[in-house]
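This report refers to the structure that appears directly beneath it.
The values are calculated or read from the model by the stated rules, or taken from the named source; none is laboratory data. All of these numbers come straight from a predicted model, not from anything done at the bench. Because the Cβ atoms are built from the backbone with ideal geometry, glycine has one as well, and the counts that use them run over all protein chains shown.
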Amino acid sequence: MNKKIKAIMKKAMSVLIMSAITVSYTACGSTAKESKSTELTILAAASLTDVCAELETIYEIENPGVELTFSYAGSGALQTQIEEGAPADIFFSASLKQMKALDEEGLMVSDSITELLENKIVLIVPEGSDRDISAFEDVGTDKVGMIGLGDTESVPVGQYAKEAFTALGLWDVTDSKANYGSDVRTVLTWVESGDVDCGVVYATDAYTTDKVRIVATAPEGSCSKVIYPVGIVKASDNKEDAQKLLDFFKSEQAMKVFEKYGF
(Lines give C-alpha, C1' and ligand atoms only; values in the text may rest on other atoms or scores of the structure.)
Protein backbone atom coordinates (compact mmCIF):
# COMPACT_ATOMS: atom_id res chain seq x y z
CA MET A 1 0.00 0.00 0.00
CA ASN A 2 1.55 3.33 -1.06
CA LYS A 3 1.96 6.35 1.22
CA LYS A 4 -0.84 8.33 -0.46
CA ILE A 5 -3.43 5.59 0.18
CA LYS A 6 -2.25 5.20 3.80
CA ALA A 7 -2.65 8.93 4.39
CA ILE A 8 -6.18 8.91 2.98
CA MET A 9 -7.16 5.94 5.16
CA LYS A 10 -5.64 7.54 8.25
CA LYS A 11 -7.58 10.75 7.63
CA ALA A 12 -10.83 8.81 7.10
CA MET A 13 -10.30 6.87 10.34
CA SER A 14 -9.77 10.10 12.27
CA VAL A 15 -13.03 11.51 10.93
CA LEU A 16 -14.92 8.36 11.94
CA ILE A 17 -13.48 8.43 15.46
CA MET A 18 -14.35 12.10 15.94
CA SER A 19 -17.87 11.47 14.63
CA ALA A 20 -18.33 8.60 17.07
CA ILE A 21 -17.15 10.75 19.97
CA THR A 22 -19.52 13.56 18.96
CA VAL A 23 -22.49 11.19 18.69
CA SER A 24 -21.63 9.62 22.06
CA TYR A 25 -21.31 13.01 23.76
CA THR A 26 -24.60 14.21 22.29
CA ALA A 27 -26.40 11.04 23.35
CA CYS A 28 -25.04 11.26 26.89
CA GLY A 29 -26.01 14.90 27.12
CA SER A 30 -29.48 14.12 25.89
CA THR A 31 -29.85 11.26 28.39
CA ALA A 32 -28.68 13.41 31.26
CA LYS A 33 -31.13 16.11 30.27
CA GLU A 34 -34.01 13.68 29.94
CA SER A 35 -33.25 12.03 33.29
CA LYS A 36 -33.24 15.33 35.18
CA SER A 37 -35.79 14.93 37.97
CA THR A 38 -38.37 17.28 39.41
CA GLU A 39 -38.28 17.51 43.19
CA LEU A 40 -41.55 18.08 45.02
CA THR A 41 -41.53 19.12 48.68
CA ILE A 42 -44.50 18.02 50.75
CA LEU A 43 -45.05 19.45 54.23
CA ALA A 44 -47.14 16.80 56.00
CA ALA A 45 -48.60 16.25 59.45
CA ALA A 46 -46.52 13.92 61.62
CA SER A 47 -49.38 11.42 61.79
CA LEU A 48 -48.94 10.79 58.06
CA THR A 49 -45.32 9.61 58.38
CA ASP A 50 -45.85 5.89 57.84
CA VAL A 51 -48.51 5.97 55.15
CA CYS A 52 -46.71 8.64 53.14
CA ALA A 53 -43.47 6.67 53.24
CA GLU A 54 -45.24 3.85 51.40
CA LEU A 55 -46.98 6.21 48.99
CA GLU A 56 -43.65 7.92 48.26
CA THR A 57 -42.12 4.60 47.19
CA ILE A 58 -45.08 3.74 44.95
CA TYR A 59 -45.18 7.17 43.30
CA GLU A 60 -41.46 7.40 42.59
CA ILE A 61 -41.43 3.94 41.01
CA GLU A 62 -44.34 4.87 38.75
CA ASN A 63 -42.94 8.36 38.03
CA PRO A 64 -39.15 8.02 37.69
CA GLY A 65 -38.76 11.68 36.71
CA VAL A 66 -40.11 12.92 40.06
CA GLU A 67 -38.43 12.92 43.47
CA LEU A 68 -40.60 13.43 46.55
CA THR A 69 -39.26 15.04 49.71
CA PHE A 70 -41.53 14.86 52.75
CA SER A 71 -41.06 17.05 55.82
CA TYR A 72 -43.11 16.01 58.87
CA ALA A 73 -44.12 18.08 61.89
CA GLY A 74 -47.15 19.39 63.72
CA SER A 75 -49.55 21.10 61.32
CA GLY A 76 -49.21 24.41 63.16
CA ALA A 77 -45.43 24.36 62.79
CA LEU A 78 -45.80 23.58 59.08
CA GLN A 79 -48.26 26.43 58.70
CA THR A 80 -45.67 28.78 60.19
CA GLN A 81 -43.01 27.49 57.79
CA ILE A 82 -45.21 28.26 54.79
CA GLU A 83 -46.05 31.70 56.17
CA GLU A 84 -42.33 32.40 56.56
CA GLY A 85 -41.63 31.41 52.95
CA ALA A 86 -40.18 27.94 53.34
CA PRO A 87 -40.08 26.17 49.95
CA ALA A 88 -43.03 23.81 49.60
CA ASP A 89 -45.24 22.45 46.85
CA ILE A 90 -47.96 20.68 48.84
CA PHE A 91 -49.34 21.08 52.36
CA PHE A 92 -51.02 18.02 53.93
CA SER A 93 -52.58 19.06 57.23
CA ALA A 94 -54.16 17.09 60.07
CA SER A 95 -56.72 19.83 60.60
CA LEU A 96 -58.87 22.22 58.59
CA LYS A 97 -57.85 25.10 60.88
CA GLN A 98 -54.29 25.46 59.56
CA MET A 99 -55.31 24.97 55.94
CA LYS A 100 -58.09 27.57 56.19
CA ALA A 101 -55.72 30.07 57.77
CA LEU A 102 -53.19 29.70 54.95
CA ASP A 103 -55.91 29.91 52.32
CA GLU A 104 -57.32 33.09 53.85
CA GLU A 105 -53.81 34.56 53.78
CA GLY A 106 -53.63 33.86 50.05
CA LEU A 107 -50.85 31.29 50.43
CA MET A 108 -52.68 28.28 48.94
CA VAL A 109 -54.15 27.50 45.52
CA SER A 110 -57.72 27.60 46.78
CA ASP A 111 -59.35 25.35 44.19
CA SER A 112 -56.75 22.63 44.79
CA ILE A 113 -57.69 22.10 48.44
CA THR A 114 -59.34 18.75 49.08
CA GLU A 115 -60.68 17.33 52.36
CA LEU A 116 -59.11 13.94 51.77
CA LEU A 117 -59.06 11.85 54.94
CA GLU A 118 -60.74 11.37 58.32
CA ASN A 119 -59.20 10.09 61.55
CA LYS A 120 -60.29 9.43 65.14
CA ILE A 121 -59.11 10.80 68.47
CA VAL A 122 -58.29 8.06 70.99
CA LEU A 123 -57.01 7.66 74.53
CA ILE A 124 -54.09 5.24 74.84
CA VAL A 125 -52.11 3.66 77.67
CA PRO A 126 -48.83 1.72 77.71
CA GLU A 127 -49.43 -1.91 76.74
CA GLY A 128 -48.31 -3.18 80.15
CA SER A 129 -50.20 -0.58 82.19
CA ASP A 130 -51.94 -1.83 85.33
CA ARG A 131 -53.90 1.39 85.81
CA ASP A 132 -57.65 1.07 85.45
CA ILE A 133 -58.02 3.67 82.71
CA SER A 134 -60.87 2.95 80.30
CA ALA A 135 -62.47 6.30 79.41
CA PHE A 136 -61.66 9.95 78.78
CA GLU A 137 -63.51 10.73 82.02
CA ASP A 138 -60.89 8.76 83.98
CA VAL A 139 -58.37 11.54 83.33
CA GLY A 140 -60.30 13.60 85.87
CA THR A 141 -59.70 11.01 88.60
CA ASP A 142 -56.68 9.88 90.59
CA LYS A 143 -56.23 7.03 88.10
CA VAL A 144 -54.16 9.46 86.01
CA GLY A 145 -51.15 11.34 87.34
CA MET A 146 -49.81 12.59 84.02
CA ILE A 147 -51.25 12.65 80.49
CA GLY A 148 -49.46 13.29 77.20
CA LEU A 149 -51.11 15.81 74.88
CA GLY A 150 -50.14 17.67 71.73
CA ASP A 151 -49.50 21.38 72.20
CA THR A 152 -52.91 23.03 72.11
CA GLU A 153 -51.68 26.11 70.24
CA SER A 154 -50.00 24.45 67.26
CA VAL A 155 -50.72 20.70 67.21
CA PRO A 156 -54.16 19.64 65.94
CA VAL A 157 -54.32 16.48 68.07
CA GLY A 158 -53.85 18.70 71.13
CA GLN A 159 -56.57 21.06 69.93
CA TYR A 160 -58.97 18.16 69.41
CA ALA A 161 -58.11 16.80 72.86
CA LYS A 162 -58.78 20.18 74.48
CA GLU A 163 -62.16 20.32 72.73
CA ALA A 164 -63.07 16.86 74.03
CA PHE A 165 -62.01 17.44 77.64
CA THR A 166 -63.66 20.87 77.64
CA ALA A 167 -66.93 19.33 76.44
CA LEU A 168 -66.65 16.81 79.30
CA GLY A 169 -66.04 19.60 81.82
CA LEU A 170 -62.57 18.23 82.54
CA TRP A 171 -60.21 20.67 80.84
CA ASP A 172 -58.86 22.42 83.94
CA VAL A 173 -57.92 19.20 85.72
CA THR A 174 -56.56 17.69 82.50
CA ASP A 175 -54.41 20.77 81.84
CA SER A 176 -52.93 20.49 85.34
CA LYS A 177 -51.80 16.92 84.60
CA ALA A 178 -50.65 17.47 81.02
CA ASN A 179 -47.23 17.15 79.45
CA TYR A 180 -47.32 18.84 76.04
CA GLY A 181 -45.54 17.57 72.92
CA SER A 182 -44.58 19.28 69.68
CA ASP A 183 -46.41 16.68 67.56
CA VAL A 184 -48.48 13.55 67.89
CA ARG A 185 -45.54 11.18 67.48
CA THR A 186 -43.86 12.72 70.53
CA VAL A 187 -46.97 11.94 72.59
CA LEU A 188 -47.03 8.39 71.20
CA THR A 189 -43.38 7.88 72.23
CA TRP A 190 -44.09 9.07 75.78
CA VAL A 191 -46.91 6.55 76.16
CA GLU A 192 -44.83 3.74 74.63
CA SER A 193 -42.04 4.35 77.14
CA GLY A 194 -44.39 4.77 80.11
CA ASP A 195 -43.26 8.35 80.75
CA VAL A 196 -46.95 9.29 81.03
CA ASP A 197 -49.89 7.26 82.28
CA CYS A 198 -51.91 7.85 79.13
CA GLY A 199 -52.06 10.08 76.07
CA VAL A 200 -54.36 11.35 73.37
CA VAL A 201 -53.34 10.55 69.78
CA TYR A 202 -54.92 9.69 66.46
CA ALA A 203 -56.15 6.13 66.01
CA THR A 204 -53.79 5.70 63.06
CA ASP A 205 -50.77 6.48 65.25
CA ALA A 206 -51.84 3.94 67.85
CA TYR A 207 -52.08 1.31 65.10
CA THR A 208 -48.39 1.72 64.24
CA THR A 209 -47.10 0.13 67.46
CA ASP A 210 -47.79 -2.82 69.74
CA LYS A 211 -46.46 -0.91 72.75
CA VAL A 212 -49.71 0.96 73.42
CA ARG A 213 -53.34 0.02 73.84
CA ILE A 214 -56.41 2.04 72.82
CA VAL A 215 -58.81 2.25 75.76
CA ALA A 216 -61.35 4.77 74.47
CA THR A 217 -62.42 6.90 71.54
CA ALA A 218 -63.37 10.54 72.12
CA PRO A 219 -67.09 10.60 73.00
CA GLU A 220 -69.36 11.31 70.05
CA GLY A 221 -69.80 15.03 69.51
CA SER A 222 -67.15 16.05 72.05
CA CYS A 223 -64.76 17.39 69.40
CA SER A 224 -64.71 18.40 65.75
CA LYS A 225 -64.35 15.78 63.05
CA VAL A 226 -60.70 15.02 62.36
CA ILE A 227 -60.39 15.98 58.70
CA TYR A 228 -57.11 15.98 56.76
CA PRO A 229 -57.07 18.53 53.92
CA VAL A 230 -54.35 18.65 51.26
CA GLY A 231 -53.58 21.35 48.71
CA ILE A 232 -50.99 23.08 46.56
CA VAL A 233 -48.92 25.91 48.02
CA LYS A 234 -49.32 29.04 45.88
CA ALA A 235 -45.57 29.75 45.90
CA SER A 236 -44.80 26.36 44.31
CA ASP A 237 -42.68 26.47 41.14
CA ASN A 238 -43.95 23.01 40.15
CA LYS A 239 -47.71 23.38 40.19
CA GLU A 240 -48.31 21.01 37.27
CA ASP A 241 -46.31 18.20 38.88
CA ALA A 242 -47.84 19.03 42.26
CA GLN A 243 -51.32 18.61 40.76
CA LYS A 244 -50.35 15.20 39.40
CA LEU A 245 -49.23 14.14 42.88
CA LEU A 246 -52.44 15.53 44.34
CA ASP A 247 -54.43 13.49 41.82
CA PHE A 248 -52.48 10.41 42.90
CA PHE A 249 -53.33 11.03 46.57
CA LYS A 250 -57.01 11.08 45.55
CA SER A 251 -56.77 7.96 43.40
CA GLU A 252 -58.30 4.59 44.28
CA GLN A 253 -54.78 3.14 44.47
CA ALA A 254 -53.66 5.64 47.11
CA MET A 255 -56.91 5.49 49.05
CA LYS A 256 -56.45 1.75 49.54
CA VAL A 257 -53.07 2.48 51.12
CA PHE A 258 -54.58 5.17 53.37
CA GLU A 259 -57.27 2.70 54.44
CA LYS A 260 -54.63 0.09 55.24
CA TYR A 261 -53.14 2.50 57.77
CA GLY A 262 -56.49 3.17 59.41
CA PHE A 263 -57.72 6.33 57.68
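Just need a number here: residues in the range 226-255 that are of a type in the set (Gly, Ala, Ser) and touching a Gly at 6+ places or on another chain (Cβ under 8 Å). So that I can check it myself, show each step before the final result.
Taking the range 226-255 first, the residues of a type in the set (Gly, Ala, Ser) are 231, 235-236, 242, 251, 254.
Going one step further and asking which of them are touching a Gly at 6+ places or on another chain (Cβ under 8 Å), we end up with 235.
So the count comes out to 1.
Kindly evaluate residue 122 against the criterion of being surrounded by fewer than 24 Cβ atoms within 10 Å (Cβ to Cβ), over 30 Å from the mean Cα position of the chain (by Cα) and of a type outside the set (D, E, K, R).
no
Looking at (1) exposed (fewer than 14 other Cβ atoms within 10 Å of the Cβ); (2) of a type outside the set (Lys, Arg); (3) at pLDDT 95 or above, which is the one condition that is false for residue 65?
Here residue 65 clears every test but (3).
Out of the residues in the range 35-54 that are exposed (fewer than 14 other Cβ atoms within 10 Å of the Cβ) and modelled with pLDDT under 95, which is nearest to residue 157 (Cα to Cα)?
For the range 35-54, the residue satisfying everything is 37.
Specify which of the listed residues (114, 141) is farther than 26 Å from residue 185 by Cβ and at pLDDT 95 or above.
On inspection, the qualifying residue turns out to be 141.
If you go through the range 165-195 one residue at a time, how many are surrounded by 24 or more Cβ atoms within 10 Å (Cβ to Cβ) and more than 24 Å from the chain's Cα centre (by Cα)?
2
For the list (1) in contact (Cβ under 8 Å) with a residue 60 or more places away in the chain; (2) out of contact with any strand residue (DSSP E or B) (no Cβ under 7 Å at 6 or more places or on another chain), I need the number of the one condition that residue 189 fails.
Single failed check for residue 189: (1).
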